[in-house]
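*Asks:* This is the structure, below, for whatever I ask next.
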């Protein structure tokens, strides 16, 4: 096991609790993380007071190599943890304390929410990074999580880094460690001062706040008198990852990290702070939507409402994907709403008789037969 860098943790705590910049009375919410891992190393919720570590306890944990340490932002402490996955937006960062991640290609920017800003703290997931500030955490400096050559090769294939950068990272003695990038004071920040993508996502979520954000459960409908097995699928019929612990996401092609779990009948993407039922998961796996687009936002998340809800194309794509991958029987009937999607797409039947998206009105017999014939011939 690689020894943690105690000095990096000590520098971080000193900067975090700097009396000139930290809110009055601030005390960090530190948590135990698994040895050489990112997931919480607790028997109860890491949010419970019993799971919390003092700085001295966290330092002792690292020193004795019992495991890693995480730092959390809480709703009432104004700590902003900006997890940047895409280096293209780093130039938009307001100067502040930055942590270099274990892959040496990612950045955690640390801020204090401006007390005059009513939008912050907030959790804002985007495709280029995540703002974690309300019951969310990142791994603290000094901790170690292995970063393998295979993982870096995956980043090259996905276009996240170049081959030259991969070679530089492999030679970096700090590979695998979370370290202080530039030891500077933590700056205050407003929503408008964050990279544009975060403000846009936040505004989008606020504009649609009146939409129903409850977990999406598709209406069980029949097709030609027969019930499609699509609506009987559970998330555990599609993946077993995350049943007993946090695991790498089954769709993101990640071989590391712990950003997926299953509880209460749904999967949870902790990178985008959304939940996915079986139908939503199928839409993501089929490539119709991202997790951020398809999922139902967690409480406190600024992810927008699920784009699966009321979307007949989503029913068609999910059903087709489920059938092609053997999740449902070969002779499973086409859902009514999926048939209406095909009727609209291929202009079958009188458009004036087509119901609005999301309604499962019975198809006229002629339209029904034409849609089935087209599906058999074209799909």
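Here, each number is a calculation from the coordinates, and none is a lab measurement. Everything quoted here is computed from the prediction, not taken from an experiment. Here the Cβ is made from the backbone with ideal geometry for all residues, glycine too, and neighbour counts use every protein chain on show.
*Asks:* Using Cα atoms only, what is the angle between the long axis of helix 312-324 and the major principal axis of the chain, expressed in degrees (0 to 90) to the nearest 10?
*Replies:* Rounded to the nearest ten degrees, it is 90.
*Asks:* Over the chain, what is the mean sequence separation of C-alpha contacts under 8 Å (at least six apart), divided by residue count, expressed as relative contact order in percent? Kindly include the intermediate steps, with their values, before the conclusion.
*Replies:* Values: 723 pairs, mean separation 52.5, N = 379.
Relative contact order for the chain comes out at 14 percent.
*Asks:* How big is D, in µm² s⁻¹, for the range 290-344 by Stokes-Einstein at 4 °C and 1.567 mPa s if Rh is the Kirkwood radius over C-alpha pairs? Intermediate values should be presented prior to the final figure.
*Replies:* On the way: Rh = 12.6 Å.
Answer from the Stokes-Einstein relation: 103 µm²/s.
*Asks:* So, one more: Give me the distance in nm between label points sitting 7 Å out from Cα along the Cα-to-Cβ direction at residue 91 and residue 199, one decimal.
*Replies:* 1.8 nm
*Asks:* While we're here: Helix 365-378 versus the longest principal axis of the chain: what is the Cα-based angle in degrees, 0 to 90, to the nearest 10?
*Replies:* Between the helix axis and the principal axis of the chain, the angle is about 60 degrees.
*Asks:* Moving on. May I ask you to sort 319, 46 by Cβ crowding, counting other Cβ atoms within 10 Å and putting the fewest first? Don't skip to the answer; put the middle values down first.
*Replies:* On the way: 319 28, 46 19.
Result, fewest neighbours first: 46, 319.
*Asks:* Next up: With only alpha-carbon atoms in the gyration tensor, what are the semi-axes of the equivalent ellipsoid for the range 76-133, in Å, largest first? Walk me through the numbers on the way to the answer.
*Replies:* On the way: eigenvalues 81, 27, 21 Å².
Equivalent-ellipsoid dimensions as semi-axes: 20, 12, 10 Å.
*Asks:* Quick one: give the max-minus-min coordinate of the C-alpha atoms of the chain along each principal axis, largest first, in Å.
*Replies:* 74, 44, 42
*Asks:* Further question: Could you work out how much longer the chain between residue 167 and residue 116 gets when fully extended? Use 0.36 nm per residue separation minus the Cα distance between them, nm to one decimal.
*Replies:* Details: separation 51, 0.36 × 51 = 18.36 nm, distance 4.46 nm.
That works out to 13.9 nm of additional length.
*Asks:* Between the range 21-55 and the range 265-283, what is the separation of their alpha carbon centroids in Å?
*Replies:* The two parts, judged by their Cα centres, are 25 Å apart.
*Asks:* If packing is taken as the mean number of other Cβ atoms within 10 Å per residue, what is the order of 278-289, 195-206, 130-141, 152-163, highest first?
*Replies:* Working: 278-289: 22.6, 195-206: 17.2, 130-141: 24.3, 152-163: 14.1.
Those peptides, ordered most packed to least, come out 130-141, 278-289, 195-206, 152-163.
*Asks:* What fraction of the DSSP beta bridges in the chain is antiparallel, stated in percent and rounded to the nearest 5?
*Replies:* In the chain, DSSP labels about 90 percent of beta bridges as antiparallel.
*Asks:* Cut-off 10 angstrom, C-alpha nodes, Gaussian network model of the chain. Which of 263, 275, 302 fluctuates the most?
*Replies:* Its mean-square fluctuation being the largest, the pick is 263.
*Asks:* Jot down the radius of gyration and Dmax of the range 6-205, Cα atoms only, both in angstrom.
*Replies:* Final numbers for Rg and Dmax: 16.5, 46 Å.
*Asks:* What do you get for the angle between helix 336-345 and the principal long axis of the chain? Use alpha-carbon atoms, 0 to 90 degrees, nearest ten.
*Replies:* For 336-345 against the chain, the angle is about 90 degrees.
*Asks:* Alpha carbons only, please: Rg and Dmax for the range 209-379, in angstrom.
*Replies:* Cα radius of gyration and Dmax of the range 209-379 are 16.8, 52 Å respectively.
*Asks:* Once both labels are modelled 7 Å past Cα along the beta-carbon direction, what's the residue 240-residue 66 spacing in nm?
*Replies:* 3.3 nm
*Asks:* Ok, one more. Counting only helical runs of four or more DSSP H residues, what would the 222 nm mean residue ellipticity of the chain come to if each run contributes -39,500 (n - 2.57) and the total is spread over all its residues?
*Replies:* Values: 10 runs with 99 residues, N = 379.
It comes out at -7500 deg cm²/dmol, rounded to the nearest 500.
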